[in-house]
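What follows is a short report on a single structure.
Just so it is clear, none of the values below were taken in a lab; they were calculated from the coordinates. Given the structure is predicted, the values throughout are model-derived calculations rather than measurements. FYI the Cβ positions are ideal-geometry reconstructions off the backbone, even for glycines, and counts take in every protein chain you see.
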Amino acid sequence: MAPYLEIACRSAIALVFLAAAAGKLRAGVDAFAASILDVVRVPARHARLLAGLVITGELIVAGLLVVPRSALVGLATAALLTVALVAVVITALQRGSGARCACFGVRSTPFGKRHVLRNLLMIGVVATGAWFHLPASAYRPQHYLLGVLVGLVVAALLVAFDDIAELFVGPPRTAGSRERV
């Protein structure tokens with residue numbers, strides 16, 4: 001079971017980071033850089049650089065997770081990046097900035113507890129993948145087939161987390177109001 005689980009976790013996280021990078025690139029680096037200015041206190045001239053670094057980091061994580069020999073490095077990098085994103089969201093919520101999530105570039109909803117929860121779930125998936133990591137020689141083709149299929153489902157749920165949460169608890173509240181999640 002460990003090979004299936006580890007591959008499912010790696011696949012899910014790789015696909016989430018790939019979807020995030022693709023969404024940001026599709027929306028435009030400048031649009032993502034503008035959203036960064038609402039969340040992080042950096043000089044405007046550095047926002048585009050920071051946007052590029054985030055997108056590059058997401059693509060690097062996805063690439064590292066595809067190769068079994070670099071999977072642990074990819075999982076560790078994914079954990080660090082996701083922890084940083086949790087910190088950014090919590091900071092934005094505490095400041096009551098009303099900043100909007102441009103996580104996947106497509107939809108911009110106000111940051112809320114659901115974004116913290118989604119990122120904590122991602123950290124859980126990363127930790128599970130690291131816990132069940134095996135040497136590359138332990139994997140067989142059937143492990144990849146089932147693991148990637150499960151990873152696709154998990155990734156789809158994580159990417160659509162905002163929409164799923166909205167079905168059950170409604171849209172995120174604006175700054176100053178309390179969100180149920």
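Numerical summary
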| item | result |
| --- | --- |
| Dmax and Rg, reported as Rg then Dmax, of the chain (C-alpha, Å) | 16.6, 53 |
| Most mobile listed residue (T77, T109, T91) in the chain, GNM with C-alpha springs under 10 Å | T91 |
| T109 long-range amide H proximity, modeled H, under 5 Å | C101 |
| Packing-based order for 6-13, 98-105, using average beta carbon neighbours within 10 Å, highest first | 6-13, 98-105 |
| Protection proxy ranking of 48-60, 118-130 - average other beta-carbon atoms within 10 Å, highest first | 118-130, 48-60 |
| Expected 222 nm ellipticity per residue - DSSP helices of 4 or more, -39500 (n - 2.57), all of the chain, to 500 | -25000 deg cm²/dmol |
| Alpha-carbon spread of region 1-106, three principal axes, descending order, Å | 45, 27, 21 |
